[in-house]
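These notes concern the structure reproduced below.
The values are calculated or read from the model by the stated rules, or taken from the named source; none is laboratory data. All values derive from a computational prediction rather than experimental measurement. When we count neighbours, we look across all protein chains shown, and the Cβ atoms used for this are built from the backbone with ideal geometry, even at glycine.
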């Protein structure tokens, strides 16, 4: 994908709000203004092995910042949501219980330490064979936990949602009560203020060597472009 030529993104990828300010699209990434900027696309991969989501960018608010969401329209209980909140990397999916030490209000809230307006790198890995989540921050292991098998494999679980070709994926857009620092204070679609330099989604858990290779290449590429 070449930011100087949006046709390389593919016909199924739709950008909203960025036409208001072309400076939000740079050679290094995308700057979401928190008002009306988001990206929509479809994903139909097989997630029977799990996933790895890698994020490299800047967070600007302590309230919930939705990074990547796949969701049925206006139905937060049929969604996979990846985001950041004060001192937490968050993930939630489905109506099924996770039975995790991290669970709070239906979300997995994984404690981490990041600073607002700093560039941060996160990897969230889920192994569908062992039902284990792992979080890495700046290529350092943070924590892990095992969840209930139905959380991913059950009816309306994460696997079904991520493989559902009838619903969209969103960058910079999420459904919920945005709270302070966002446009709306009621349950509705919200956009997040976010600088996104790199986002990778794999339909399998990456090993530590693969994580390190991606981290090193991403940091090196960003440094060269500065």
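Filter segment 56-70 down to residues that are assigned to a strand (DSSP E or B) and over 15 Å from residue 31 (Cβ atoms) and give me whichever is farthest from the chain's Cα centre (by Cα). Walk me through how you get there before you give the answer.
Restricting attention to segment 56-70, the residues satisfying the condition of being assigned to a strand (DSSP E or B) are 56-59, 65-70.
Checking the rest, the ones that are also over 15 Å from residue 31 (Cβ atoms) come to 66, 68-70.
Values: 66: 7, 68: 3, 69: 6, 70: 9 Å.
Of everything passing the filter in segment 56-70, 70 is farthest from the chain's Cα centre (by Cα).
This table checks each residue for (1) crowded, with 22+ Cβ neighbours inside 10 Å; (2) closer than 22 Å to residue 165 by Cα; (3) in contact with a helix residue (DSSP H, G or I) (Cβ under 6 Å, 6 or more places away or on another chain).
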| site | (1), (2), (3) |
| --- | --- |
| 73 | no, yes, no |
| 86 | no, no, no |
| 93 | yes, yes, yes |
| 98 | yes, no, yes |
| 101 | no, no, no |
| 111 | no, no, no |
| 131 | no, no, yes |
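Quick one: what pairs do we get from segment 163-190, first residue closer than 18 Å to residue 42 by Cβ, second at pLDDT below 50 and surrounded by fewer than 21 Cβ atoms within 10 Å (Cβ to Cβ), C-beta under 6 Å, 6+ apart or different chains?
Qualifying pairs under 6 Å: none.
Within segment 148-196, can you find the residues that are within 17 Å of the chain's Cα centre (by Cα) and modelled with pLDDT under 80?
175, 176, 178
For segment 59-71, give me the residue count where each residue is buried (at least 18 other Cβ atoms within 10 Å of the Cβ) and out of contact with any helix residue (DSSP H, G or I) (no Cβ under 7 Å at 6 or more places or on another chain).
9
Out of all the residues in segment 136-146, is one or more within 13 Å of the chain's Cα centre (by Cα) and either touching a residue at least 12 places away in the same chain (Cβ under 8 Å) or assigned to a loop (DSSP other than H, G, I, E, B) (or both)?
Taking every residue of segment 136-146 in turn, none turns out to be within 13 Å of the chain's Cα centre (by Cα) and either touching a residue at least 12 places away in the same chain (Cβ under 8 Å) or assigned to a loop (DSSP other than H, G, I, E, B) (or both).
Taking segment 33-53, which residues are assigned to a loop (DSSP other than H, G, I, E, B) and modelled with pLDDT under 90?
Within segment 33-53, 34, 35, 36, 37, 42, 43, 44 qualify.
In segment 1-30, what residues are assigned to a strand (DSSP E or B) and either over 22 Å from residue 217 (Cβ atoms) or at pLDDT below 75 (or both)?
Correct list: 2, 5, 14, 15, 16, 25.
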